[in-house]
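In what follows, a structure is listed as structure tokens, so that the remarks can point back to it.
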Amino acid sequence: MPAQLTRADVLKVARLARLKLTDAELDDCTVKLGKILDYVASLNEINTDEVEPMVHAVELSNVFRDDAVQPSLPQTAALANAPKSDGRFFLVPQILEGA
Amino acid sequence: MSIIGATAGELLQRLERGDVSSVEATTAYLDAIALNDGRVKAFLHVDWDHAIAQARAIDEKRQRGESLGILGGLPVAVKDVVCTQGQPTTCASKMLKGFVPPYDAHVVTRLKTSDAVLIGKTNMDEFAMGSSTENSAYQVTRNPWDLERTPGGSSGGSAAAVAASMAPLALGTDTGGSIRLPAGYCGVVGMKPTYGRVSRFGLVAYGSSLDQIGPFANDVAGAALLLEALAGYDRRDSTSVDTPVPQYSRTVEEPLAGVRIGIAKEHFVSGLDREVESSVRAGLDVYKSLGAEIKEISLPHSKYAVAVYYIVAPSEASSNLARYDGVHYGHRAAQFDNMIDMYSASRGEGFGAEVKRRIMLGTYALSAGYYDAYYLKALKVRRLIRNDFDEAFKSVDVIASPVAPTPAFKIGELMDDPLAMYLSDIYTISANLAGLPGICLPAGFSRNNLPIGLQLLGPPFEEERLLRTARMFECETDFHKRRPTVE
């Protein structure tokens, strides 16, 4: 398994995960994630060369259904939990900078 | 006989006979919540008027002579990870404070059509991540047998509610043991059905290939009754399996002659508390006296289950929890620089420490350069774990084990050591990885008067076999009849 987890690795992962962490959280994560990764490295003891990965407990594939129209949520219900809405749309800050 | 503390079956009989109304039963449980939940803290949300209105409607149906669903007026508590239309659903997270779902989960629709009364929403580890119910943004639930100890998790609120007689039945969810572990710690019956047996539609997702909804009850017959109400195909969950649902509530009373019970030598190793081991072994003697055959089996990869789980579940969680972006619902930070910063700040503020840790772990395991070493490797070992069970079930009908290495631990004891906390699920996690059904039933008490649970696992879709085997034990013992005094 890869080398020891560093604080820089943790910072990079936090950016990927869109998580703003405090300095104390970054330090804590570096130590605790490092311990967990050391623990899961025990999997390297097992030879899995000839083993198919198991993604799901019930290995269904291609579950089809009729392409029929079903009722969907009314707009007011869909918007009811929005942090910010004008009653028609979800509102977000400006996306394109300089526009 | 008092309403409070009766089994679901006893209470249902009295409702059917007209000895007690659903309003009376519901009121009695609401009173019990008012009396005891200040100390136990099992519930996050109780809507007294709404519960009474549901009970009244069921009583009126019964008075009109209409046929009722199989839960005929029984109160049921629901873990706060299951969506209830018009009622708050927070997943015990600050992220979903104030969130009110616009629809019911499939299991909630099932409860309603079965004429259950939804008595309240129960506390849990945030987004079902934890083994102690300490990772709640709102309150720490206490074990009714010892208020200084945890009820287990993540469905600790539901387990504690049933144990403290604040509900005869409750729903939980189990991704790595989150029904069975708290059932064991609280001395109640808890069951994780086969993956695909119960629809996950409307269950807030954690680890989608592992999550399953199941029942808590104060006896096995109650768990059978509630599972019968919940189980069955639903087209809205594409992993729901379309296979007939047995009448668990009837067949549970039929003992299984000559049942073959497997014992894995890997389950009785160092780290297992001596009192837990002796209770489990005494449980096996009960089965022997009933004519069961006890056989030693081997699950050689079981020691890797926790490692596999803590790659697979966080990987799935990191993807599932990407939906909390502060746009459509959930917490949005008040201050941010731009759109990306709005996501990061909202998530940084809205999630608690363990949820962040698992999102980080999963993001890392799935990131470029590490995917093969962690995620793919874990999926391969997951296959080996399943193969072990398939091999074992060629020679035995069920597998018996402890549900946890020790009885309930103290509040705060493991909070700073996530890995030690994870290891409390060492006996339960394999069933989720393999997709198997499992049940935990009361099988003893420690010298400190803490409950000890016995776990039974079965092959896929053999819930009926597990329930019947568990009921045999229950009919010979009285551990499930003991109730804690909450004070």
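Here are a few things to note about the model shown:
- Single condition B:Val327 does not satisfy, out of (1) part of a helix (DSSP H, G or I); (2) more than 24 Å from the chain's Cα centre (by Cα); (3) farther than 18 Å from B:Ala137 by Cα: (1)
- Across the range A:56-71, a minimum of one residue is classified as within 22 Å of the chain's Cα centre (by Cα) and closer than 25 Å to B:Tyr374 by Cβ.
- Filter result for B:Ser249 (closer than 30 Å to B:Glu10 by Cα, surrounded by 14 or more Cβ atoms within 10 Å (Cβ to Cβ) and either in contact with an Asp or Glu (Cβ under 8 Å, 6 or more places away or on another chain) or without any contact (Cβ under 8 Å) to a residue 24 or more places away in the chain (or both)): yes
- For beta carbons closer than 9 Å, sequence separation of 6+ or different chains, a first residue in the range B:205-221 that is within 14 Å of chain A (Cβ to nearest Cβ) and a second that is assigned to a strand (DSSP E or B), the qualifying pairs are B:Asp211/B:Thr173; B:Asp211/B:Leu203; B:Gln212/B:Thr173; B:Gln212/B:Lys192; B:Gln212/B:Leu203.
- Residue within the range B:151-162 that is touching an Asp or Glu at 6+ places or on another chain (Cβ under 6 Å), away from every other protein chain (no Cβ under 14 Å) and closer than 21 Å to B:Gly435 by Cβ present: yes
- Among the residues of the range A:46-80, those identified as under 21 Å from B:Ser208 (Cβ atoms) and at the interface with another protein chain (Cβ under 7 Å from one of its Cβ atoms) are A:Glu52, A:Pro53, A:Met54, A:Val55, A:His56, A:Ala57, A:Val58, A:Leu60, A:Val63, A:Arg65.
- A residue that is farther than 26 Å from B:Pro442 by Cα and in a loop (DSSP other than H, G, I, E, B) can be found somewhere in the range B:111-118.
- Those strands (runs of 3 or more DSSP E) lying entirely in the range B:197-305 with at least 3 residues among the aliphatic types (A, V, I, L, M): B:260-264
- Per-region count, the range B:26-54, residues surrounded by fewer than 21 Cβ atoms within 10 Å (Cβ to Cβ), under 24 Å from the mean Cα position of the chain (by Cα) and among the charged types (D, E, K, R): 2
- Of all residues in the range B:398-443, those that are β-branched (Val, Ile, Thr) and outside any strand (DSSP E or B) total 6.
- The range B:50-63 residues that are closer than 19 Å to B:Gly18 by Cβ, paired with ones that are of a type in the set (Lys, Arg) and at pLDDT 95 or above (beta carbon under 9 Å, 6 or more apart): B:Gln54/B:Lys112
- Residue that is nearest to the chain's Cα centre (by Cα), among those in the range B:330-345 that are within 8 Å of another protein chain (Cβ to nearest Cβ) and within 18 Å of A:Ala82 (Cβ to Cβ): B:Gly330
- Some residue of the range B:120-129 being in contact (Cβ under 8 Å) with a residue 12 or more places away in the chain, over 26 Å from B:Ile426 (Cα atoms) and either away from chain A (no Cβ under 14 Å) or of a type in the set (S, T, N, Q) (or both): yes
To keep it simple, each residue is scored yes or no on (1) more than 9 Å from chain B (Cβ to nearest Cβ); (2) surrounded by 10 or more Cβ atoms within 10 Å (Cβ to Cβ); (3) of a type in the set (A, V, I, L, M, F, W, C).
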residue: A:Ala14; (1), (2), (3): no, yes, yes
residue: A:Arg18; (1), (2), (3): no, yes, no
residue: A:Thr30; (1), (2), (3): yes, yes, no
residue: A:Ala41; (1), (2), (3): no, yes, yes
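- Selected residue [surrounded by fewer than 24 Cβ atoms within 10 Å (Cβ to Cβ), modelled with pLDDT of 95 or more and either out of contact with any helix residue (DSSP H, G or I) (no Cβ under 6 Å at 6 or more places or on another chain) or not in a helix (DSSP H, G or I) (or both)] from B:Gly172, B:Gly98: B:Gly98
- Leading residue by the ranking (surrounded by the fewest Cβ atoms within 10 Å (Cβ to Cβ)) among those in the range B:347-393 that are more than 9 Å from chain A (Cβ to nearest Cβ), in contact (Cβ under 8 Å) with a residue 60 or more places away in the chain and in contact with a helix residue (DSSP H, G or I) (Cβ under 8 Å, 6 or more places away or on another chain): B:Gly352
- Against the conditions (1) hydrophobic (A, V, I, L, M, F, W, C); (2) buried (at least 16 other Cβ atoms within 10 Å of the Cβ); (3) closer than 29 Å to B:Gly435 by Cα, B:Phe336 satisfies every one except (3).
- Condition check for B:Asn387: touching a Gly at 6+ places or on another chain (Cβ under 8 Å), at pLDDT 95 or above and under 28 Å from A:Glu45 (Cα atoms): no
- Out of B:Asp104, B:Asp31, one residue alone is part of a helix (DSSP H, G or I) and modelled with pLDDT of 95 or more. It is B:Asp31.
The values are calculated or read from the model by the stated rules, or taken from the named source; none is laboratory data. Remember, it's a predicted structure, so these values are computed and weren't measured experimentally. No Cβ is skipped: glycine too gets one built from the backbone with ideal geometry, and neighbour counts run over all protein chains shown.
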